[in-house]
Amino acid sequence: MDVDMDRDLWQRHIPSRAAQNRLRAAETWLARSGALPVSIMFRCRTHEPATIISAALETLLSHRARWQYADITLPAASPVSELETGARLVMPLLRKLHVTGASFDTDQCLALLSAPNLHTLVGQLADDTYYSKMRTLRLADADIWQTRSLTTLKLCEIALTYVAPILARTPALAHCWLDIWGWPPAGAGAALPVIHLPKLETLVLTGEAQASEVNSLLNAIATPVLQRLGIAGGFVLGFAPTQAEADVNNLLRLAEKVGCHQALTTLAIAGKGDAWSRLVDHMFAVFSALQQVYAKPDEWPAAVEDFWGTKTVV
């Protein structure tokens, strides 16, 4: 079910009755679906509080026990009684959640989420702290990451500070995409404890964080069965013993450090110019299992989406 409360409602001055009609249609279909599981898509503007948006979200949340797949935008601060009570948002059937938020006021509703069977989480929040506050239903005092059901994770524009604690609590993770942004807080940079990810097969690292900080994360993770790696070229720096080492040796030492140099089959590198594409033959020479390399700048978007999208079906 697609409930779109954003499509040019204000931009083109469509009368508010159009939004009311969409809400009534959603209510009708929800009623007709009875007790069946539902897939929800909810779109709204994140910076303009509106009564109709609150009403739409409240209607959808009233059926949350039936949500199986959900792609939702959290609205700007607005009164939603389901959230104001502080009660757990129990979603026992939820397997995949894609949530986008741009308001510090409404991101906090994730702290109320109880989804014990969540397999896939894709998130982009204004406040990254709320990821760690998500709870399970079965384990009242444990966070959602420890359910061992979460296998696919994509976090957009997340600060590196929050990445390591999350990864340390995801033992079943098989596919992970981290879009890391922002500068580290004062005092950051200390060595991280080892993070074991024994089932991780796909890892994508993008963003604009400092390479040295991302390297501290890469130095900490152990991924012995990693097969697919997509990485920003700048994050590869710092793994060779001297500045004179070639870029491919940086890449090899990175793979050796995380433990995947013998398992890696697919590699995509984002960089400017053709510096990486000139090293493709060397990559095949040093990675014994390597089958596919995407090293040209124009190959990156399609390559990463391809080996991410085809391997992360719930």
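Overview of results
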item: Sorted by Cβ density within 10 Å, fewest first, the residues 214, 194; result: 194, 214
item: Scattering curve values for the stretch 159-314, log₁₀ I(q)/I(0), Debye with Cα scatterers, q = 0.10, 0.16, 0.17 Å⁻¹; result: -0.32, -0.87, -1.00
item: Members of 96/296; 96/199; 199/257 lying beyond 24 Å, as alpha-carbon distances in this model show; result: 96/296
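Every number here is computed from the coordinates shown, using simple stated rules; none is lab data. As the structure is a prediction and not an experimental result, all values here were calculated from the model. Here Cβ is always computed from backbone atoms with ideal geometry, including for glycine, and neighbour counts include all displayed protein chains.
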